[in-house]
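For reference, the structure is listed below as C-alpha cells.
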Amino acid sequence: YGVTVTPLQTLTLYNAVANNGIMVKPEFMDALMKDGKMVKKYSTQVINPAVCSATTLKKLRKLLEGVVLHGTAKNLANAVYTIAGKTGTAHIAVKGAYNKTNYQASFVGYFPANDPQYSCIVVVNSPSTDGYYGNQAAGPVFKEIADKVYASSIGIDPAVNVPANNGKR
C-alpha cells in the first residue's frame, strides 16, 4: 500500500516481461497516417534492454500464466488464446486512513501469453462492494478488451485464415 507507481509504469514493466525483458518507452501509436498514407513513423525507444535474466523472465512468465490458469484470475481463461497477468486489490486511503469500503481493483497483463502481441492494464477505482477484487471488477473489462482486440487481429491466429476446404474446390 505504500508504493506509488502509476498504472502506466506498471504496464511498462509487464510489457517488458511480454517483450522478452526489453523495456521500451510507452507509445500510444507507432505511426501517423493521413488519407491512408504514412505521414510519420515513430521509432521504438529502448529504456532497458534486459530488465532481468532470461531464467527469471521464464519463471515470471510461467507464474503470470498460472494466475489465469490456476490462480486468482481463473475467470479470464478461455480456450481460444491465453492471457498472462496479475490481479490487484488495494484499499484506497481517505484522509490518511484506510477503510473497508474504498478499494481499487486492477488487472494487468498481456496476450496471447505464448506469443505476446498486446499488453493492457485496467484499473477500477471504488468498484461496487460486492465485486471489488481485481478479478471481479477489472478482470472482465481486460478480457472484453482482449477478446475484441484478438478477434480484430486476423493475422494473430493463422487457423482463422485457412479456408475450411484448404483452398480446394
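For V141 and K62, what does the FRET efficiency come to when R0 = 25 Å and r is the distance between their Cβ atoms, rounded to the nearest 0.05? My answer for the efficiency is 0.50. Of the options Y42, N135, A93, report the single residue whose Cα projects farthest towards the positive end of the charge dipole of the chain (beta-carbon charges: Lys, Arg +1; Asp, Glu -1). The residue sitting most towards the positive pole is Y42. Ligands, DNA and RNA aside, I47 has an accessible area near 100 Å² when probed at 1.4 Å.
Taking Cβ atoms as reference points and 9 Å as the exclusive limit, the residues near Y42 contribute a net charge of 0, counting Lys and Arg as +1 and Asp and Glu as -1.
Once the C-beta distance of A79 and D130 is scaled by a Förster radius of 25 Å, the resulting FRET efficiency is 0.30 to the nearest 0.05. Based on C-alpha pairs under 8 angstrom that are at least 6 apart in sequence, the range 1-138 has a relative contact order of 21 percent. Dipole size of the range 73-145 about its Cα centre, with +1 on Lys/Arg Cβ and -1 on Asp/Glu Cβ: approximately 240 debye, rounded to the nearest 20.
In the chain, helical runs assigned H by DSSP with n ≥ 4 each contribute -39500 (n - 2.57); averaged across all residues and rounded to the nearest 500, the mean residue ellipticity at 222 nm is -8500 deg cm²/dmol. Please grab the % of Cα pairs in the chain that end up more than 29 Å from each other. Counting pairs separated by more than 29 Å, the tail of P(r) holds 31 percent. Computed from Cα atoms, the angle from the helix 139-152 axis to the main principal axis of the chain rounds to 10 degrees. For the range 110-127, backbone nitrogen atoms closer than 19 Å to the point 7 Å from N20 Cα along Cα-to-C-beta are found at 110-119. Quick check on the range 12-52: take the gyration tensor over C-alpha atoms, sort the square-rooted eigenvalues as a ≥ b ≥ c, and tell me if it's rounded (a/c under 1.5), prolate or oblate. Prolate, since a/c reaches 1.5 and a/b exceeds b/c. Other residues with beta-carbon under 13 Å from the beta-carbon of V68 carry, at +1 per Lys or Arg and -1 per Asp or Glu, a net charge of +4. Simple point charges give the picture: +1 on the Cβ of Lys and Arg, -1 on the Cβ of Asp and Glu, and for the chain a dipole about the Cα centre of about 220 debye. Taking the average, over residues, of other Cβ atoms within 10 Å as the packing measure, peptides 93-99, 14-20 rank 14-20, 93-99 from highest down. Counting protein heavy atoms only, the range 1-115 has 58 percent of its accessible area on carbon and sulfur, 1.4 angstrom probe. In the structure shown, the pairs K25/K143; K59/K86; K86/K143 are assessed against 19 Å; a Cα-Cα span above that value is assigned to K25/K143. Per residue, the accessible area of the range 39-164 comes to 61 Å² when a 1.4 Å probe rolls over the protein heavy atoms.
The values are calculated or read from the model by the stated rules, or taken from the named source; none is laboratory data. None of the values given here were measured: they were computed from a predicted structure. Note that each Cβ is placed from the backbone with ideal geometry, even for glycine, and that neighbours are counted across all protein chains shown. With ligands, DNA and RNA removed, areas are computed over all heavy atoms of the protein, side chains included. Shrake-Rupley method; radii C 1.70, N 1.55, O 1.52, S 1.80 Å.
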